[in-house]
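Have a look at the structure below before the remarks.
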Number of protein chains: 2
Amino acid sequence: MSDYPSIVLEQAVNQMASLPGVGRRTALRLVLHLLRQSNDEVEAFANAFTRLKHDVHYCRECHNISDTELCPICASTRRDHSTICVVENVQDVMSIENTGQYNGVYHVLGGVISPMEGIGPKDIEIDSLIERVTKGEVDEIILALPTTMEGDTTNFYIYRRLENAKSSNPQIFKSSNLKISQIARGVAVGNQLEYTDEITLGRSIVNRTEFKG
Amino acid sequence: MSDYPSIVLEQAVNQMASLPGVGRRTALRLVLHLLRQSNDEVEAFANAFTRLKHDVHYCRECHNISDTELCPICASTRRDHSTICVVENVQDVMSIENTGQYNGVYHVLGGVISPMEGIGPKDIEIDSLIERVTKGEVDEIILALPTTMEGDTTNFYIYRRLENAKSSNPQIFKSSNLKISQIARGVAVGNQLEYTDEITLGRSIVNRTEFKG
């Protein structure tokens, strides 16, 4: 006999435990919580995921998750379409939107280049980014990828691809001096220097910026 | 505009975040994980919960979760049906089964008496326990409820109900000396005395047992 008193219970626990970071004990607790809810509530819970999977779109321009073919940010005339911020995933778009500091548009790669995990340039939305830049009216690309080795590799790869496209076919760009920038790296606001890691602190000294009092 | 780029995404996150202990950030991470799975996998995930809710039974005898009207433990002829272990929930049955030290049957209360949370004796399976004891051939009741104030209250309430039933109608019991026991409380195996809390240590001295060398 299995550890579980019921096969349907075990199957539900197996499904819940398939989520990343959810162990079997937690999964059982969550499933028993669901079991205490009404039929309608469990139905709504289950339906939300199948509906998401069926109804979700990816914006044809920036590849962000969207209810429509073109996401509200790409469809907005109040956004600056000449600036594209390149991010890894949907959460990053939400984080940057929450800052209220950015009025351009996005390009969601859906991952970063990671030879260890077998993710190459063709597995993420890099070709579509290059295409977007070469055909569109783009002034600046902001690289806002994670500050990891994989993020750095991806930054460098995109930079090289853009440089190649520019040198082989300069007239396709709006201006010959397409600006490629990356988000500032340094000591986080509110952090004590003594608790900042050496690499971050070292780079923040090398890459110091002019003080504007 | 909402924080989420898509309404179906937001609804899925809302549902995931309705689970206890799952925050909105974790919920988003889990939902995006599901979104990366195949249609069939998401379908299987969602179906497991609706199927559970529709197909699950509660054993008519012990009220444990079961695929059948009578759970395998209550249906087994190899279990000692004269001993009933009273527990709070399904997980407790699984924990005790895993010890391999118990061969009796169970009674799952589905909670403990908690005036703070508005859970009274009528809200949990106490009446059915008393009924089971008075009509059945029961020798011993083992109270295995949590060692909390709520657990103690419930223990005491069940004890009083059984004593009342016994004194008002002694012939309905198999033997007049129905044994009511509770699981041993004391210093956990492997624990240092200096790290054991005072109440546990104090009680373990007061309730010391004979040393059988």
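The values are calculated or read from the model by the stated rules, or taken from the named source; none is laboratory data. All values reported here derive from a predicted model rather than from experimental measurement. We place every Cβ from the backbone using ideal geometry, glycine too, and count neighbours over all the protein chains shown. Note: areas computed on protein heavy atoms with side chains; ligands, DNA, RNA excluded. Shrake-Rupley method; radii C 1.70, N 1.55, O 1.52, S 1.80 Å.
Structure summary
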read-out: Total accessible area lost when B and A pair, probe 1.4 Å, Å² to nearest 100; value: 4900
read-out: Residues in the stretch A:60-99 occluded by at least 10 Å² - accessible area, probe radius 1.4 Å, against chain by itself; value: A:Asn64, A:Ile65, A:Asp67, A:Pro72, A:Ile73, A:Val90, A:Gln91, A:Met94, A:Asn98
read-out: Cα convex hull volume per residue for chain A (Å³); value: 221
read-out: Euclidean distance between Cα centres, the stretch B:122-168 to the stretch A:104-178, Å; value: 69
read-out: Using a 7 Å Cα-to-Cβ projection, B:Asp55 label spacings across copies, nm, ascending; value: 2.7
read-out: Approximate spin-label separation A:Thr209-B:His54, in nm, with each point projected 7 Å along Cα-to-Cβ; value: 5.8
read-out: B:Asp127-A:Asp40 pseudo-label distance in nm [points 7 Å out on the Cα-to-Cβ vector]; value: 2.6
read-out: Surface share of carbon and sulfur [accessible, 1.4 angstrom probe, percent] for the stretch B:80-151; value: 50
read-out: Built amide H within the under 5 Å cut-off of B:Gly104, gap 5+; value: B:Asp80
read-out: FRET E, pair B:Asn191, A:His81, Förster distance 60 Å, beta-carbon r, rounded to 0.05; value: 0.40
read-out: Bridge type composition, the protein assembly as shown - antiparallel percent by DSSP, nearest 5; value: 20
read-out: Probe 1.4 Å, protein heavy atoms only - accessible area per residue of chain A in square angstrom; value: 58
read-out: Surrounding net charge for A:Ala46, when Lys and Arg each add one and Asp and Glu each subtract one, Cβ distance under 12 Å; value: 0
read-out: Axis proximity, chain B to A: residue whose C-beta lies nearest, plus whole-Å distance; value: B:Ala46, 2
read-out: Ranked order, A:Met94, A:Met16 - accessible area, probe 1.4 Å, largest first; value: A:Met94, A:Met16
read-out: The stretch A:1-132 - percent relative contact order, Cα under 8 Å, separation 6 or more; value: 14
read-out: Sites excluded, GluC sites (Glu not before Pro) in DSSP loops with at most 14 other C-beta within 10 Å, longest stretch of chain A; value: A:138-209
read-out: Among beta bridges that DSSP assigns inside chain A, antiparallel share in %, nearest 5; value: 20
